[in-house]
Structures are given as structure tokens and as C-alpha cells.
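Structure, as C-alpha cells:
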Number of protein chains: 2
Amino acid sequence: MKKYSREESRAIINELLVEIFNRILAIEGQNLKDKGIKLSMSEIHVIEAINNVKEPTMSNVANKLGITISSLTTSINTLFQKGYVTRDRDIEDRRKVVVGLLPKALEVLKEHDDFHKEMIDSIFNDLELEKDHLLIESLEKLSSYFKK
Amino acid sequence: MKKYSREESRAIINELLVEIFNRILAIEGQNLKDKGIKLSMSEIHVIEAINNVKEPTMSNVANKLGITISSLTTSINTLFQKGYVTRDRDIEDRRKVVVGLLPKALEVLKEHDDFHKEMIDSIFNDLELEKDHLLIESLEKLSSYFKK
DNA sequence: AAATAAGCTTTGATGTTCAAAATATTAGAA
DNA sequence: TTCTAATATTTTGAACATCAAAGCTTATTT
């Protein structure tokens, strides 16, 4: 395995963050367009976040996405209006609003997951299975770094 | 250490990548605010792209960023007005507009690079060295995947 | 020279995001 | 219990970012 100097490593990661990140949304968006899904990327991300968060209240979902609650509200407004999500007050604590995914959203999620699956498989085809957990550990640290 | 199935690995990596990507712009933006730089992240990215592209015409810069030329035009309008960039017709081919960075922009670029350097160093300090290379290897694959 | 192409800007429209103010509900203090 | 403070969300108003389509200028083709 090639060894990188600290400086080389930094340059590679920098490139990922600055240049490649810009491509991802465009590629994903194009993929949706190709499949005839008429949702924006940020709407897709909202749906994903609802799916991935344990207790999908407005606060939890917004926090998962790294946007303000008010931003999420406007997004949920349209997703609700378009028939992708449910939106109900929590029975236990009626200050909370719990959102949920309707079948329409689950379909979109499936399409998007397939795209990601293909993407990630393509990236990690060469990695041996036993190394996966090391990678996950690294990414978890990266993720927790970005959370603080 | 826990073993993951291929499918579990994929799901976790997918979620972590999405999460990480969602945080980056927010953090970078906050960093600029902390330093009193009154530019948006997309304006920073335009400056970076101008710096990184070989021949900084409108088309080349827009292509580097993955946005349309008309979007870039509006961004350059304000960056020009604020005194960050130059904007001149190419002498050889007067259809082209060549943009360039003024000292003000180079300073911002330096700040931004320092931030990235610090961020990445901080990440690396938490990872054991042996895992650095696995992470880099994976990120390289990601990078090459998005270049095609 | 006339038609076509290339490069860019303008215009009009939509979508995203945030901060601040307003609303609703709950929890705690008096 | 009643008032107050805290929590959770929505509304409002404003700034950006982005795109498609139409228009302008310069280059290339025929």
C-alpha cells in the first residue's frame, strides 16, 4: 500500500472536500431527473434524514441535516403538500411535531439508495471485507469530528 | 471488534458520508464568519476554482464548479463589484472573459486553506496512523469515481 | 458576406436558507 | 392553581444561488 506524507494526505482530502463535493449533488440530481423524480436534492436529503433519525421530530431532523428548524419547516411544507410526508403532533408532548414518510417517499428513497449503493460498491469493490469495519471506524471519527 | 456484513457496511458508510458532507459547508461558513470574512461559501468556491483552473475563462470555471455559466456570471458580478476579482476580455478571442484574483481574494484563499489544513490535521491526530492510509485509499477511490 | 457557432450576460422564475418575531405547549415556581 | 419560563415549531421577510431561455457580441464556416 502506498504511503502518503501528511502533506500529500491533506492535499487529497482537501480535493475531496472542495472539488468532488461539488459534483455529488449535481450527479445525484441528474440521476433523479433521469428517473423522472421531480424533487430537489435538498428535499431528498430531508426524506433521507427522516428515514435515518431515531425519533423524527422537526428538531432531530433539522439537527441531522445541519440546517435550522425554520428551514426544515419550509421544506416540510412543500413535501407535505406534495404528499410525500406525514406531519403530526406528538401525543406525549404536543409541542413536538413528528414527521413520517408516505409510500411515495419510500419509493424515492429506494431509487436514491440504489444509486448510492452502486456508487459505494464502485468505490469499495477493491477493499477486502475484513477491512470495512476499519473504514467505518475512521468515518465515524470523521463524522464525530464534524459534529462538534 | 464488531464485524459487519457487506450490506451493513454499505448502509453505515452511506449514512456517514451523507452526514459528513452535510456538515462541511456549515462549518466552513461559520469559520469565515468567525474571521469576519463577509463572503458566502459559494463565493469562496468560485475564488478557489479560479485559482485552481488552468485557463480561468467563465466556461472553464463554471465547469470546474459544476454550475451553469449564467450562475457563475451573477456570482462574478458581485465578486467584481466587491473588488475580489478582475474580469477582462481575452485578447486572442474576444468572446472569452478571463477572470483573475485580486489581493483581497488571495488573502481569503489563504485563510481558507489554513482552516482546511487545521481541520485535517485535527482529524488525523485522532486516527491511528495505520488507519490513515486506509482512509486515504478510500477517499482516493471516491475522488477518482467522481472524476469520470 | 451571410449563416452558424461559441462565449457570455441579462432576465425572469424557483428554491434554499436564515434570523427574528409569533404561536403553541409543557414544566416549574410561587 | 396561576403565572412564568422553557421548549418546539411556524411564519415572515430578506438575501442568495441557481437555472433556462432569450439576447448580444465575436469567431468560424460555407
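The values are calculated or read from the model by the stated rules, or taken from the named source; none is laboratory data. Model, not experiment: these values are computed from the prediction. All Cβ positions, glycine included, derive from the backbone under ideal geometry; neighbour counts span all protein chains shown.
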Condition set over 17 Å from A:K54 (Cβ atoms) and either loosely packed, with under 11 Cβ neighbours inside 10 Å or within 9 Å of DNA strand D (Cβ to nearest atom) (or both), scope segment A:92-118, selection farthest from the other protein chains (Cβ to nearest Cβ): answer is A:R94
Picked from segment A:55-88 (must be within 17 Å of A:M41 (Cα to Cα), within 14 Å of chain B (Cβ to nearest Cβ) and more than 11 Å from DNA strand C (Cβ to nearest atom)), the residue surrounded by the most Cβ atoms within 10 Å (Cβ to Cβ) is A:V61
* Looking only at segment A:4-21, decide whether some residue is at pLDDT below 80, away from DNA strand C (no atom under 16 Å from the Cβ), at the interface with another protein chain (Cβ under 10 Å from one of its Cβ atoms) and not in a helix (DSSP H, G or I). => yes
Within segment A:89-105, of all residues that are over 16 Å from A:N60 (Cβ atoms) and not in a loop (DSSP other than H, G, I, E, B), the one nearest to DNA strand C (Cβ to nearest atom) is A:A105
Taking first residues from segment B:16-32 that are of a type outside the set (V, I, T) and second residues anywhere that are at pLDDT 70 or above and away from DNA strand C (no atom under 13 Å from the Cβ), the pairs with Cβ under 6 Å that are 6 or more apart or on different chains are B:L16/A:L139; B:L16/A:S143; B:E19/A:S143; B:N31/B:F115
Margin query: Considering only segment B:47-69, I want to know if a residue exists there that is under 12 Å from the mean Cα position of the chain (by Cα), part of a loop (DSSP other than H, G, I, E, B) and at positive phi.
Written below: yes
Among the residues of segment A:36-48, the number that are within 11 Å of DNA strand C (Cβ to nearest atom) and of a type in the set (A, V, I, L, M) is 4
